[in-house]
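The values are calculated or read from the model by the stated rules, or taken from the named source; none is laboratory data. Not measured: the values here are computed from a predicted model. Neighbour counts are summed over all protein chains in view; Cβ atoms, including those assigned to glycine, are modelled from backbone coordinates with ideal geometry. Each accessible area value is taken on the protein alone, full model and side chains, heavy atoms only, with ligands, DNA and RNA left out. Shrake-Rupley method; radii C 1.70, N 1.55, O 1.52, S 1.80 Å.
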Amino acid sequence: MEQFINDRVKRIEISGIRQFFNMVADKKDILSLTIGQPDFPTPDHIKEKTKEAIENDYTAYTANAGILSLREAISNFYSKNYQISYDPKNEVIVTVGASQAIDVTFRTLLNEGDEVILPGPVYPGYEPLIILAGAKPVHIDTRETHFKITAEQIERSITVNTKAIIIPYPSNPTGVTLSKEELAEIASVIERHNLFLIADEIYSELVYEQPHFSIGQFAEIRDKLIIINGVSKSHSMTGFRIGYILAPPEWLAKQMLKVHQYNVSCPSSISQYGALEAINNGQEDSKKMKNVYQERRDYVYARLKDMNLATYLPNGGFYFFIDISHLHLDSFTVAVQLAEEAKVALVPGSAFSKYGEGFLRLSYAYNLATIKEGLDRLEPYINNHTN
Ligand SMILES: Cc1ncc(COP(=O)(O)O)c(C=O)c1O
């Protein structure tokens, strides 16, 4: 019967990150620096409000787009922090994590044969959904441009079939983000073409040194812009599964809401009350976590430099994308050798498209002692394998 399974489903594969994580998960002696899961507990005040939601019997279906108070909180958050205004009644949809926001967006926009431009290396959650929607992912090689997708690269990749561009900034897997000036140039390309820009801002609250700049601040592309965000990374709430879409104008959000409704009806009512507390009263939580991540980032940076690894200082998220091309082995082989010989697991760069080959992703969403031990294990491997 297997031949009757949908062809597109057969074409996609379980994410390389998960595959690798599963491979090492049950091996107790391997120390993992693989997962993009904040290591902080969800803040207590958020947990309290979530428990209260159960006590108060807020356990029924909610509005498809999410409870209005949460949509208002999201709208206020964007207007206060990024000076962008979205109508909570018509332009905000609360989703089951940013993952479902991405799926709803692609399924609302894409027809068979459409093309979606993405930077490479890139978060592996996009490509399979583009394929499932019958469209074609078109990766841009950003290795020569410091992992930043540029306006010029985008301009060169646009064809008559291009329907959308998706950009995560700060980026998973590189931790690189885009500046106001770089985003201005990208916005000007979008303005000149008939296509959508999907801005995945899930790491917006984890930007170091400079504040995050949202491309939504360029009002001229408002009608072509879909912003995706959520509380998974900002408040260590990955298991709550709350994300959101900001999708003006109303004609677009209206279509998205149909896909969302038939997909999930609404996100978990209880989780929505937790997210409401996070967004209304949890700005300090993100700042505290960010400061800790920043210390870890600086520590990892210093250690990688000591190992003579060509590296750069990521300005957001909690990842390093480490160049191991001088080892002259593919990244999967290096990751397997590291796990077996050095007992430390990093994600092979090839999990992030072919443009991630020659790199390993290290997540520093682990406590400093674990990070230190992981790097102590990495160092002799690198020394022994560098000619
Ligand atoms: C760039 C990016 N977008 C979206 C997601 C998915 O977020 P969520 O857990 O809220 O579905 C992730 C998770 O790692 C991510 O790295």
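Does Val122 satisfy the condition of being under 18 Å from Glu201 (Cβ atoms) and outside any loop (DSSP other than H, G, I, E, B)?
On the way: under 18 Å from Glu201 (Cβ atoms): yes; outside any loop (DSSP other than H, G, I, E, B): no.
It is false that Val122 is under 18 Å from Glu201 (Cβ atoms) and outside any loop (DSSP other than H, G, I, E, B).
When residues of segment 125-159 are filtered for being within 18 Å of Ile186 (Cα to Cα) and either in a loop (DSSP other than H, G, I, E, B) or not assigned by TED's automatic domain parsing to the domain that holds Arg192 (or both), how many remain?
Of the residues in that region, 8 qualify.
Consider segment 79-89. How many of its residues are in contact with a Leu (Cβ under 9 Å, 6 or more places away or on another chain) and surrounded by fewer than 23 Cβ atoms within 10 Å (Cβ to Cβ)?
First, pick out the residues of segment 79-89 that are in contact with a Leu (Cβ under 9 Å, 6 or more places away or on another chain): 84, 86, 88-89.
In the following step, the residues that additionally are surrounded by fewer than 23 Cβ atoms within 10 Å (Cβ to Cβ) were identified as 84, 88-89.
The total comes to 3.
Among the residues of segment 250-276 satisfying the criterion of being more than 22 Å from the chain's Cα centre (by Cα) and open to solvent by less than 20 Å² (accessible area, probe 1.4 Å), which is modelled with the lowest pLDDT?
For segment 250-276, the residue satisfying everything is Leu252.
If you scan segment 290-308, which residues turn out to be within 13 Å of Lys372 (Cα to Cα) and either of a type outside the set (Asp, Glu) or outside any helix (DSSP H, G or I) (or both)?
Selection gives Arg296, Arg297, Tyr299, Val300, Tyr301, Ala302, Arg303, Leu304.
Output the helices (runs of 4 or more DSSP H) that fall wholly within segment 1-59 and possess 3 or more residues being surrounded by 15 or more Cβ atoms within 10 Å (Cβ to Cβ) and more than 16 Å from the ligand (Cβ to nearest atom), or say none. Write out each step before concluding.
Working: elements: 7-11, 16-25, 44-55.
So the answer is 44-55.
When only residues in segment 194-241 that are within 11 Å of the ligand (Cβ to nearest atom) and either in the same structural domain as Tyr293 (by TED's automatic domain parsing) or in a helix (DSSP H, G or I) (or both) count, which is nearest to Ser363 (Cα to Cα)?
Filtering segment 194-241 for residues that are within 11 Å of the ligand (Cβ to nearest atom) and either in the same structural domain as Tyr293 (by TED's automatic domain parsing) or in a helix (DSSP H, G or I) (or both), the one nearest to Ser363 (Cα to Cα) comes out as Thr238.
Checking the structure you have, find out if any residue of segment 153-173 is aliphatic (A, V, I, L, M), away from the ligand (no atom under 16 Å from the Cβ) and touching a Ser or Thr at 6+ places or on another chain (Cβ under 7 Å). First the steps, then the outcome.
Narrowing segment 153-173 to residues aliphatic (A, V, I, L, M): 154, 158, 160, 164-167.
Still in the running and away from the ligand (no atom under 16 Å from the Cβ): 154, 158, 160.
Pick out the ones that are also touching a Ser or Thr at 6+ places or on another chain (Cβ under 7 Å) and you get none.
No; the residues of segment 153-173 include none that is aliphatic (A, V, I, L, M), away from the ligand (no atom under 16 Å from the Cβ) and touching a Ser or Thr at 6+ places or on another chain (Cβ under 7 Å).
Going by what's in this entry, would Val176 be described as within 10 Å of the ligand (Cβ to nearest atom), β-branched (Val, Ile, Thr) and surrounded by 20 or more Cβ atoms within 10 Å (Cβ to Cβ)?
Here the answer is no, as Val176 does not meet what is asked.
When residues of segment 55-79 are filtered for being out of contact with any strand residue (DSSP E or B) (no Cβ under 7 Å at 6 or more places or on another chain), under 17 Å from Ile270 (Cα atoms) and small (Gly, Ala, Ser), how many remain?
4
Out of all the residues in segment 90-112, which are in contact (Cβ under 8 Å) with a residue 24 or more places away in the chain, more than 16 Å from the ligand (Cβ to nearest atom) and open to solvent by 40 Å² or more (accessible area, probe 1.4 Å)?
Asn90, Asn111, listed by residue number.
Just the residues that are out of contact with any helix residue (DSSP H, G or I) (no Cβ under 8 Å at 6 or more places or on another chain) and open to solvent by 50 Å² or more (accessible area, probe 1.4 Å), please, taken from segment 227-249.
Kept after step one, since they are out of contact with any helix residue (DSSP H, G or I) (no Cβ under 8 Å at 6 or more places or on another chain), are these residues of segment 227-249: 233, 239.
Hit for segment 227-249 is Gly239, nothing else.
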